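Inspection log for the structure reproduced underneath, given as structure tokens.
What follows is calculated from the coordinates using simple rules that are stated; it is not laboratory data. None of these values were measured; they are calculated from a predicted model. All Cβ positions, glycine included, derive from the backbone under ideal geometry; neighbour counts span all protein chains shown.
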Amino acid sequence: MRIFVTSVMVEDQQKALDFYTGVLGFVKKQDVPAGGARWLTVVAPDAPDGPELLLEPNSNPAVPAREWQQALYNAGIPATSFAVDDVAAEHQRLSAMGVRFVTEPATYGSVTTAIFDDTCGNLIVIVQA
């Protein structure tokens, strides 16, 4: 068993696509109309056949996604995590692009992390192990 698709809730799929591709550097994999939304996924540029991140709209009225997303954000809990080779370098690169970090890089044992706001309603943690 392996991870195929995982998702992150977003307020606006196009805004999320712009951020996740233009700022974070992911590559669009799938963009398929799905009712009033899109099945919209991105992948790491060096792993086009690897796990996909679904930019899932938080607007489904039958699911309390928006409330769950806001509760995580308000509690300071990241919605997901991304591995990077160098947290300090990625922090510097993203900060220079205007990304707002809510924590500075910090090391806990053999792991370094930093948390940023994805502008789409989520906190995301970058991790260097």
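Tabulated data for the structure shown
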{"read-out": "Net charge over other residues, Cβ less than 14 angstrom from the Cβ of Tyr73 (K, R count +1; D, E count -1)", "value": "-2"}
{"read-out": "Cα long-axis angle, helix 13-22 against the chain (0 to 90 degrees, to the nearest 10)", "value": "30"}
{"read-out": "Spin-label proximity, Asp18 to segment 72-106 - amide N less than 18 Å from point 7 Å beyond Cα toward beta carbon", "value": "97-100"}
{"read-out": "Residue-averaged 222 nm ellipticity for the chain, from DSSP H runs of 4+ at -39500 (n - 2.57), nearest 500", "value": "-7000 deg cm²/dmol"}
{"read-out": "Formal net charge of residues neighbouring Val8 (Cβ-Cβ distance under 12 Å; K, R +1; D, E -1)", "value": "-4"}
{"read-out": "Built amide H within the under 5 Å cut-off of Val127, gap 5+", "value": "Phe82, Ala83, Val84"}
{"read-out": "Residue of Ala75, Ala37, Ala114 that the Gaussian network model of the chain assigns the largest fluctuation, springs spanning Cα pairs under 10 Å", "value": "Ala75"}
{"read-out": "Prolate/oblate/rounded label for segment 29-129 (Cα gyration tensor, a/c 1.5)", "value": "oblate"}
{"read-out": "Residue among Gly35, Gly76, Gly50 with the largest mean-square fluctuation in a Gaussian network model of the chain, springs linking Cα atoms under 10 Å", "value": "Gly35"}
{"read-out": "Percent RCO, i.e. relative contact order, over the chain, from Cα pairs under 8 Å lying at least 6 residues apart", "value": "24"}
{"read-out": "Packing-based ranking, highest mean first, of 53-59, 42-48 given that Cβ atoms within 10 Å are counted", "value": "53-59, 42-48"}
